[in-house]
Protein chains: 2
Amino acid sequence: MKELAVASVVALLAGCMPPTRPALPEPGATATMQQVLDASTADDWRRPDPADTLYMDVAGARIVIELAPAFAPRHADNLRTLVRSGYFDGLSILRVQDNFVAQWGDPDAGDPARARPLGAAKARLPAEFERDIAPDLPFTPLMDGDVYAPEVGFSHGMPAARDPDRGTTWLAHCYGMVGAGRDNGIDTGNGAELYVVIGQAPRQLDRNIALVGRVLQGMEYLAALPRGGGPLGFHETRAQHTPITSIRVAADLPPGDRLPLEVLRTDTATFDALVESRRNRRDDWYHHPAGAIDLCSVPLPVRVGTAPP
Amino acid sequence: MKELAVASVVALLAGCMPPTRPALPEPGATATMQQVLDASTADDWRRPDPADTLYMDVAGARIVIELAPAFAPRHADNLRTLVRSGYFDGLSILRVQDNFVAQWGDPDAGDPARARPLGAAKARLPAEFERDIAPDLPFTPLMDGDVYAPEVGFSHGMPAARDPDRGTTWLAHCYGMVGAGRDNGIDTGNGAELYVVIGQAPRQLDRNIALVGRVLQGMEYLAALPRGGGPLGFHETRAQHTPITSIRVAADLPPGDRLPLEVLRTDTATFDALVESRRNRRDDWYHHPAGAIDLCSVPLPVRVGTAPP
């Protein structure tokens, strides 16, 4: 059986730290991603803040989302308010558009008489499509350039872009990134309708809509949902919707009920080595290392930690 | 309900030529993709050669693949030989790795005693990972650059890249592209195991493996298959495999049984306008047109033609 390529990041979710850490190859040689991860130390990983972590439970799967308050603080606040009021419980995944997004929210949002009330949450928020570059905002640049932005890299573990001339930075629409749907007005997003990228990175959305975080667990579920048959991939009947059991803030659960997920830091020498391992594949299978990598092709590993959260 | 973005190319499959062709916007204004398509003429579309068209039938879906003999002529020949011998009938989709590929072939390929014989087809083929640039090979360049290759664009309706200094060109691993799996030896691919890209473009595979064509219809089925739970997304049990009813060459079917699919040509002013419509979105929803587009984000429209094939 032909094995086309190397291990999936998803597979990392099932992994733990090995009992002993293998050494990296000699200096000058490129390690494989697995070698980089095997040689990583506890300091290379972080536990996402439970206050910035959402668990979305649907039939048969738990989706874990890490919020990005450094980029969309008002959306993160509003989303926490909605989640804590039970707003999403019993709502649905309404739209699955192939090679684009899956989207969830209130099927009755368009009908004022039937729409679920937002409660204490705001109906409109100022656009959080980009923000100023600041000294306290980390940024690990990627060296290979980008079709869409002057600079790209990683900030707080998420793919990001910057325009140094304008002094602005924004999150990038890569696979697994989560955003807040909006109507045509730029202040019409509020977090009550969310989408996740399930295909080729729709980078044309960058700076047009607020990205609020990324999926740490469950993409293999969201991306495999049956596609909607209506315009824009909306489902044509309610029977085709996927019901959401609940969304919770991890911080609101007892510590023993939280998942011990750990995310590889993106501001470390280990992460630099990981990027290099993917720019130039050392696996025997590769005969022509690419020598470059696109922002949205850089894996952002997640693992199940061994210690309780 | 918030509509995140514009119409899916998939939706075009359900469309036909409108009875009258609307005019494009005034010169200088950017048309939307829909306006470009509505203004297209019959000459902007082509019918793929039935000898280069495969129908792969699985339970509940027909996948249509257009081969790329200009880039992988030996693989196209071998694949036709395999298909015509019934090689694939009753085999399976074995692997679905999230954000990477779905792959199909013989579950027993690794066991010489049980593997299905290749018959008149060759077991090994010379690598067809790239080819020489030639005057008779069309190439429509994309202006926005690329992270992986010196030049990118489109050739015979497929995403392609070139290195003018080396005089070579190759197909690019974009969403929906189909390749021939291989082992570590570069001549170990033969078309008996095929894969299709179902996630972010794995461009690191470019020039490492033979791309043989692209899916014209059925991506919304292939990309939504349940992910495999084993290493590299292989399914862990045969019960999880998706059986392939049959693969046929369209030319071997009576004309009345062929699908009247039409593909937008990539060497026309209409295609140039389509690319521009996606580089700078004119839709009311967009506030910040990207001003650029990645090779793998350019739609390659397919429609159901009105005349019989």
Test of the criteria: in the stretch A:225-309, which GluC sites (Glu not before Pro) are in a DSSP loop and have at most 12 other Cβ atoms within 10 angstrom of their Cβ? A:Glu236
Value at 222 nm in deg cm²/dmol, rounded to 500, when DSSP H runs of n ≥ 4 in chain B each add -39,500 (n - 2.57): -3000 deg cm²/dmol
Angle in degrees between helix A:73-84 and the longest Cα principal axis of chain A, rounded to the nearest 10: 60
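Per residue of B:193-205, count partner chain C-beta atoms within 10 Å of its C-beta, then hand back the mean as an integer. Kindly include the intermediate steps, with their values, before the conclusion.
Working: counts 3, 1, 3, 0, 1, 6, 11, 11, 6, 5, 5, 15, 7.
Taking all residues of B:193-205 together, the mean is 6.
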Give the long-range amide H neighbours of B:Glu193: residues separated by 5 or more places, or on another chain, with amide H under 5 Å away, using H modelled in the peptide plane at 1.01 Å from N. B:Gly181
With Cα springs under 10 Å, the Gaussian network model of chain B assigns the largest mean-square fluctuation among B:Ala76, B:Ala201, B:Ala292 to B:Ala292
So if a site counts as exposed when it's one of the trypsin sites (Lys or Arg not before Pro), its DSSP state isn't H, G, I, E or B, and it has at most 15 other Cβ atoms within 10 Å, what's the longest stretch of chain A without one? A:167-309
Take the alpha-carbon positions of the protein assembly as shown, form their convex hull, and give its projected area averaged over all directions (one quarter of the hull surface) in nm². 28.8
Please find, in a Gaussian network model of chain B (springs between Cα atoms separated by less than 10 Å), the residue of B:Pro164, B:Pro138, B:Pro48 whose mean-square fluctuation is greatest. B:Pro164
Note, the stretch A:102-111: 3J(HN,Hα) by Karplus (6.51, -1.76, 1.60, θ = phi - 60°), whole Hz, Gly/Pro = x, goes 10, 9, 9, x, 8, x, 9, 4, x, 10
Mean Cα-pair separation over length for chain A, i.e. relative contact order, pairs under 8 Å, 6 or more apart, %: 29
Using only Cα atoms, find the angle between the long axis of helix A:269-279 and the longest principal axis of chain A, and express it within 0 to 90 degrees, rounded to the nearest 10. 90
Report ³J(HN,Hα) in whole Hz for each residue of the stretch B:49-64, in order, from the Karplus equation J = 6.51 cos²θ - 1.76 cosθ + 1.60 where θ = phi - 60°; Gly and Pro get x. 4, x, 6, 10, 10, 10, 9, 10, 9, 10, 4, x, 7, 10, 9, 10
Of B:Gly105, A:Thr30, B:Ala68, which is farthest along the charge dipole of the protein assembly as shown in the positive direction, counting Lys and Arg as +1 and Asp and Glu as -1 at C-beta? B:Gly105
When the expected Rg is taken as 2.2 N^0.38 Å, what fraction or multiple of it is the alpha-carbon Rg of the stretch A:167-238? 1.17
Counting only residues 5 or more places away or on other chains, whose amide H sits under 5 Å from the amide H of A:Leu261 once H atoms are built in the peptide plane? A:Gly305
How far, in nm to one decimal, is B:Asp272 from itself in the other copies if the label point is set 7 angstrom along Cα toward Cβ? Shortest first, please. 4.5
When the accessible area of the protein assembly as shown is split by element with a 1.4 Å probe, what percent falls to carbon and sulfur? 52
Neighbours of A:Arg116 by Cβ distance under 11 Å: Lys/Arg at +1, Asp/Glu at -1, summed charge -3
In this structure, the FRET efficiency calculated for A:Ser85 and A:Leu253 from their beta-carbon separation, with R0 = 22 Å, to the nearest 0.05, is 0.85
What does the charge dipole of the protein assembly as shown about its Cα centre add up to, to the nearest 20 debye, if the Cβ of each Lys and Arg holds +1 and the Cβ of each Asp and Glu holds -1? 1060
Assume the label is 7 Å from Cα along Cα to beta carbon: what separations in nm does A:His288 have to the matching positions in the other copies? 3.5
Which three extents, in whole angstrom, do the alpha-carbon atoms of chain A cover along their principal axes, largest first? 67, 45, 39
For the stretch A:216-308, with +1 on Lys and Arg beta carbons and -1 on Asp and Glu, the positive-most of A:Gly305, A:Ser246, A:Leu295 along the dipole: A:Ser246
Charge dipole of the protein assembly as shown about the Cα centre (unit charges at C-beta), most positive-ward option of B:Phe129, B:Val147, A:Met143: B:Phe129
Quick one: with label points 7 Å out along Cα→Cβ, list the inter-copy distances for B:Pro138 in nm, shortest first? 4.9
Considering only protein heavy atoms, what per residue accessible area in square angstrom results for the protein assembly as shown with a 1.4 angstrom probe? 39
With θ set to phi - 60°, apply the Karplus curve 6.51 cos²θ - 1.76 cosθ + 1.60 along the stretch B:170-186 and write out the HN-Hα couplings as whole Hz, x wherever there is a Gly or Pro. 7, 6, 10, 6, 9, 3, x, 6, 10, x, 9, x, 8, 8, 5, x, 5
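The values are calculated or read from the model by the stated rules, or taken from the named source; none is laboratory data. Since the model is a prediction, treat every value here as computed from it, not as a measurement. Note that we place each Cβ from the backbone using ideal geometry, even for glycine, and neighbour counts take in every protein chain shown. Side chains included, ligands, DNA and RNA excluded: accessible areas come from the protein's heavy atoms. Shrake-Rupley method; radii C 1.70, N 1.55, O 1.52, S 1.80 Å.
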